[in-house]
């Protein structure tokens, strides 16, 4: 009888080679990312716009006799009109009116509440009470408190401009984004197959589903944030133009940027309503208040609807992504930050739900006890 002895195992050596190969691959990937670091914001932004506008590209291609070149041209123009042009106009408006912004900020901080109007004192039932309330508001001295707490407006504007950068760098980022976007649209199927194969190599069929889920999340966040900001700033800007608010174009640009930053349209519209009430009469203030309420309603209803139509992402995550993306990537990070956090959240949530399924299926129920005397075994059978 012969006993077969297993050959000497080289498992430790094989594991060492695998670990070294993985470390080498990770190191090469990090070095590659460091080399292409100047192009990362434009690339990520182009991928975001490309994923968002890909269904539109396919629909346009059907109407243009199947020509991919014409479809890419039309889709690029649509992307410029929706994603690039409003962002460029708002940024350049703020950059070219820094002196007016400083004057506007100084005027806001120097604002003093005027005396109570006479017609308010003579209102029935509430007239005497409003006099007391108005005196209390005047005694609070909010402008003096704001001057002590807030830093100099010039420093605030300078801090914002540091993130915005120069016109040349901003134009270069936009140009790179459009070039990469056109390349992605031209070779979209090949890029999609590459990403799908990568997901399949990582986790099989579930990895392919994760790639599709990431695409829906990117599309939902991009459409929700951008379209909502455009709608809010358009409504607020129209209200300011109709009621004659000074510096309406600058305030509209600030409103658009504030909506992208998830601060909401009330940052500019509510102070404008207060200013109109004191200096332009109650009629214009009421009209602007209607536009302000409409813009706030759009912010609270349209954005969650557009985002959750594609993926269920918490709005708090989008706010954190906007602020963190702005600090990490500059102005382009307004779009990049929410995309990264939303996709990561969606993927981790899906992976965790998948991990809970095997544990729930492996649990076997305990044997049930007899409920009646007829179900109980006979003593003789038990023996």
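Numbers for the structure displayed
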item: Förster radius 35 Å - calculated FRET efficiency between residue 39 and residue 261, Cβ distance, rounded to 0.05; result: 0.90
item: Packing-based exposure ordering (other Cβ within 10 Å, fewest first) of 219, 14; result: 14, 219
item: Contact order normalised by residue count of region 252-334, Cα under 8 Å, 6+ apart, percent; result: 26 percent
item: Residue exposure sequence - 209, 232, 189 - by fewest surrounding Cβ within 10 Å; result: 189, 209, 232
item: Ranking of 29, 334, 179 by count of other Cβ atoms within 10 Å, fewest first; result: 29, 179, 334
item: Fully extended contour minus Cα-Cα distance, from residue 200 to residue 216, at 0.36 nm per residue; result: 4.0 nm
item: For region 184-270, radius of gyration divided by Kirkwood radius, i.e. Rg to Rh on alpha-carbons; result: 1.28
item: Per-pair calculated FRET efficiency, R0 = 56 Å: residue 353 and residue 70 via Cβ, rounded to 0.05; result: 0.85
item: 15 Å reach of a label modelled at residue 287, 7 Å along Cα-to-Cβ, counting backbone N of region 217-247; result: 236-246
item: Net lengthening on full extension, residue 88/residue 270 (0.36 nm per residue, minus Cα-Cα); result: 63.0 nm
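Laboratory data are not the source of any read-out in this text; all were calculated from the coordinates shown. Since this is a predicted model, take the numbers as computed values, not measurements. Neighbour counts run over all protein chains shown; Cβ positions are idealised from the backbone, glycine included.
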